[in-house]
1. For the chain, what is the mean residue ellipticity at 222 nm derived from helices alone (per DSSP H run of n ≥ 4: -39500 (n - 2.57); sum divided by total residues; nearest 500 deg cm²/dmol)?
2. Nothing charged except the Cβ atoms of Lys and Arg (+1) and of Asp and Glu (-1): what's the magnitude of the dipole of the chain about its Cα centre? Round to the nearest 20 debye.
3. Return the ratio Rg/(2.2 N^0.38 Å) for the range 47-170, where Rg is computed over Cα atoms only.
4. What is the helix-to-structure angle for 2-12, meaning the angle in degrees between its Cα long axis and the longest Cα principal axis of the chain, kept from 0 to 90 and rounded to the nearest 10?
5. Under a 1.4 angstrom probe, counting protein chains only, how are Arg90, Arg50 ranked by accessible area, largest first?
6. Quick one: pull the percent of accessible area on the chain belonging to carbon and sulfur, 1.4 Å probe, ligands and nucleic acids left out.
7. As I understand it, the dipole of the range 1-130 uses +1 on the Cβ of Lys and Arg and -1 on the Cβ of Asp and Glu, about the Cα centre. Which of Ser75, Ile104, Val121 lies farthest toward its positive end?
8. Any idea how far the Cα center of the range 1-57 sits from the one of the range 95-170, in Å?
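The values are calculated or read from the model by the stated rules, or taken from the named source; none is laboratory data. Since we're looking at a predicted model, the values are computed, not measured. Please note: Cβ atoms are built from the backbone with ideal geometry, for glycine as well, and neighbour counts cover all protein chains shown. Protein only, heavy atoms only, side chains kept; ligands, DNA and RNA dropped before computing areas. Shrake-Rupley method; radii C 1.70, N 1.55, O 1.52, S 1.80 Å.
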Amino acid sequence: MDVIKSLFDLVADLRPSTIEFVTSGGAEATGGEAVTAGVTVQGIQLKDNRIGKTKWLTFWGAGAGVGLGTPIGGSMSTPDFPSFGSKVLRGSTSWGTLELTDLIGGLGQIWAFGAGAGAGVSGSLIFFNSMVPPPLPPVVFKAALWVEGITIASPGIGCMGYAGIWTLED
């Protein structure tokens, strides 16, 4: 998955931001066979290098996807699990300086890809303040980044699309 992160870094260099990824953690629960539904709570810690502040953003979402595995499954990770994030891409609706408060409130989307059986790996394409709901591609958004890391997961492999909202922790 390091190839995806490297490619996303190249794209993000076209519209750079002073915000950088620090760490992540979260949990998801899914149900279904082949076609699945699920809920997730995901947190990412970001640092705004312009002002030197580090904050947690939390995503609360629900969605659907496809996968092979147990009929009821899920995954989880904590902030001390290894995770890596790309550079933050300023999206098409971001003009001027991107601030952490610009990333909350509107519709968020996470496209999660994972595989595991006990230990697992995951990758997530994260969008902040998307202007179109899934399953349409989030071509109009405030910012985006790629996050990958280690998880604890039920046996399976899958792809989920989640829609929800981002909140900023004080």
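1. Numbers: 1 runs with 11 residues, N = 170.
Only helices count here, giving -2000 deg cm²/dmol.
2. Working: 9 positive and 13 negative charges, 64 e Å.
Here the chain has a charge dipole of around 300 debye.
3. Working: Rg = 15.0 Å, N = 124, 2.2 N^0.38 = 13.7 Å.
With N residues counted in the range 47-170, Rg over 2.2 N^0.38 Å equals 1.09.
4. So the helix axis and the longest Cα principal axis differ by about 30 degrees.
5. Numbers: Arg90 45, Arg50 110 Å².
Per-residue accessible area, sorted high to low, gives Arg50, Arg90.
6. Numbers: 5630 of 8170 Å².
Whole-percent figure for carbon plus sulfur exposure: 69.
7. Comparing the listed Cα positions along the dipole, Ile104 ranks first.
8. Taking the Cα centre of each part, the range 1-57 and the range 95-170 sit 6 Å apart.
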